[in-house]
Structure formats: C-alpha cells, structure tokens
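Remarks on the structure that follows.
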Amino acid sequence: MAEYQIPAEQWASETAAARRAGFRLLVNLTAVDELGRSDEIRVILTLENPETRDRADLVTRTSRGDARLPDIAHVFPGAAWLQRQVHDFFGVHFDGGDNRPLIHHAGGAPLRKGVLLEPRQAKPWPGAVEPGSSEPGRRKLLPPGVEGAK
C-alpha cells in the first residue's frame, strides 16, 4: 500500500486525481488526533484500484484549533457519510460538505485526546483493580478520558 502526504489545500484536487488514476473504490476515511506529537489532526483516506487491487492512503493534516478540509463528496459520494463521522468524532469541518452531527455528543469531539469524558469522571472505575494495576489496593490511577490520566 502506498501512502501519499497531501497538503490540506490540495486535498480535493489530489483526491480527484487519484480517482482519475484508477483508484475508484473508497475503502475508508478516518482521522487520528496527533496530540502529544503535534498540534494537528491527521486525516486518512484509503482508496483501492479495483482492477489491480492496489491501495493508496492519502494523508493530510489540519490544525487542531481550526480543523478544516475541503469536501470530497463530489469526487466520492460515499465520503459524505464518512466525513460526517470524522466531523462528529474529531471535529474536522468539511467546507461545503454536510457537517450535521450523526450523534449528539453533548459537547466536544469524543475521539480527540484532550476531550474529558464526563461519565468517566462522575462514575467510579468498575471492579477491584484499577487500570494499569494488577493488584487491588495499589496507588489509585484515573481511568482514560479523565483529566490527569496518563
């Protein structure tokens, strides 16, 4: 599988070029919060050429503070749903696209690493063993998604 780093401003044009090059099957569109490595959200579009079975990952990065990319649903109509999902979970806005929420998250994009998960703070961690510990009663650790957790 080939991976291509695409500047955010060329996202739509490079996606259209990949389609013209034979990558007509949209496999997936997802994102990764790069918190701790950079102040960016990495967006990955996986495409396949159905004749050769070659796959390509088109990867771009957008700022966490203003996460925006051009809409690519005009190139791959199936991307509309996946863009809404990336918008919902990571807060990436697709300019010209349908950014309506799929699920109401009550504040924030839940798959961003900096988002605090309220139910995890309000409810004690289940079970006798704390996360990261193999024995009960050791130093108390906070579960993932709670401020101060490691």
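The values are calculated or read from the model by the stated rules, or taken from the named source; none is laboratory data. Everything numeric in this text was worked out from a predicted model, so none of it was measured. Counting neighbours? That spans all protein chains shown, and the Cβs are built from the backbone with ideal geometry, glycine included. All accessible areas refer to the heavy atoms of the entire protein, side chains included, with ligands and DNA or RNA removed. Shrake-Rupley method; radii C 1.70, N 1.55, O 1.52, S 1.80 Å.
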- Task: May I ask you to list the residues in the stretch 35-54 that are over 22 Å from His93 (Cα atoms) and in a loop (DSSP other than H, G, I, E, B)?
- Result: Asn49, Pro50, Glu51, Thr52, Arg53, Asp54
- Complete set of residues in the stretch 10-34 that are closer than 28 Å to Ala109 by Cβ, part of a helix (DSSP H, G or I) and either touching a Pro at 6+ places or on another chain (Cβ under 7 Å) or open to solvent by less than 40 Å² (accessible area, probe 1.4 Å) (or both): Trp11, Ala12, Thr15, Ala16, Ala18
- Message: Given the criteria in a strand (DSSP E or B), among the charged types (D, E, K, R) and over 24 Å from Pro110 (Cα atoms), does Glu3 qualify?
- Response: yes
- Within the stretch 73-102, count every residue that is aliphatic (A, V, I, L, M) and assigned to a loop (DSSP other than H, G, I, E, B). 4
- Query: Can you name the residue in the stretch 35-85 that is at pLDDT 95 or above, among the hydroxyl-bearing types (Ser, Thr, Tyr) and surrounded by fewer than 16 Cβ atoms within 10 Å (Cβ to Cβ) and is also farthest from the chain's Cα centre (by Cα) among such residues?
  - Reply: Thr52
- Note on the structure: Scanning the stretch 91-114 for residues that are farther than 19 Å from Ala12 by Cα, out of contact with any helix residue (DSSP H, G or I) (no Cβ under 9 Å at 6 or more places or on another chain) and surrounded by 11 or more Cβ atoms within 10 Å (Cβ to Cβ), the one modelled with the highest pLDDT turns out to be Lys113
